[in-house]
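Just below is one structure, and these are the notes that go with it.
The values are calculated or read from the model by the stated rules, or taken from the named source; none is laboratory data. Computed from a prediction, not measured in an experiment: that's the story for all the values here. Cβ sites come from the backbone with ideal geometry, for glycine too, and all protein chains shown count toward neighbours. Heads up: the accessible areas ignore ligands, DNA and RNA and are worked out on the full protein's heavy atoms, side chains in. Shrake-Rupley method; radii C 1.70, N 1.55, O 1.52, S 1.80 Å.
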There are 2 protein chains.
Amino acid sequence: MKATVLVRPKAGILDPQGEAVQSGLGHLGFVVRKAHVGRLVELELDTTDREQARAAVAKMCDQLIANPLIESYEITLEGDA
Amino acid sequence: MKATVLVRPKAGILDPQGEAVQSGLGHLGFVVRKAHVGRLVELELDTTDREQARAAVAKMCDQLIANPLIESYEITLEGDA
């Protein structure tokens, strides 16, 4: 089963990459009110059990993929609405 | 209008971050068949015209957000199905 994780900087946490994108776009003449940069992690899992997959990916996020102090994550499984 | 851009390494292009995530997860005892790491860019645009927004974001991707040689991008606008 394929799982997609979106990792975002938490609100109030500095987002230097987002600021760089916003200012870079401004220099190119694009007007953007805000820009935020996070990570996209796509995983291919062996399990076909959705509950099990979701729980495993949440553990992976807490332990390695995201830094829970400063980042939030959102998990989507293949076939989620 | 809010736009979300997912930037992925193109197929066949080295993805060292993905390999690091896969091997790191393996060391933690998680079995993952494959892992790919890309970027998530969220933009807040001034325009409310969807066609215009989509075209502008595609230009931003080509010029700054993605490296078209080695990365592909996927644009989603707020309200897209």
Next item on the list: Within segment B:9-29, count every residue that is within 7 Å of chain A (Cβ to nearest Cβ) and either acidic (D, E) or open to solvent by 60 Å² or more (accessible area, probe 1.4 Å) (or both).
Entry: 1
Next item on the list: Tell me, please, whether a residue that is more than 9 Å from chain A (Cβ to nearest Cβ), in contact with a helix residue (DSSP H, G or I) (Cβ under 8 Å, 6 or more places away or on another chain) and under 23 Å from A:K2 (Cα atoms) can be found in segment B:30-52.
Entry: no
Checklist line | Whichever residue in segment A:55-81 is part of a helix (DSSP H, G or I) and touching a helix residue (DSSP H, G or I) at 6+ places or on another chain (Cβ under 7 Å) and, among such residues, is surrounded by the most Cβ atoms within 10 Å (Cβ to Cβ) | finding: A:M60
Notebook entry, point to check: If we scan segment B:20-28, do we find a residue that is at pLDDT 95 or above and under 18 Å from A:V37 (Cβ atoms)?
Noted result: yes
Item checked: Residues (modelled with pLDDT of 95 or more and open to solvent by less than 60 Å² (accessible area, probe 1.4 Å)) located in segment B:30-54 -> B:F30, B:V32, B:A35, B:V37, B:G38, B:L40, B:V41, B:E42, B:L43, B:L45, B:A53
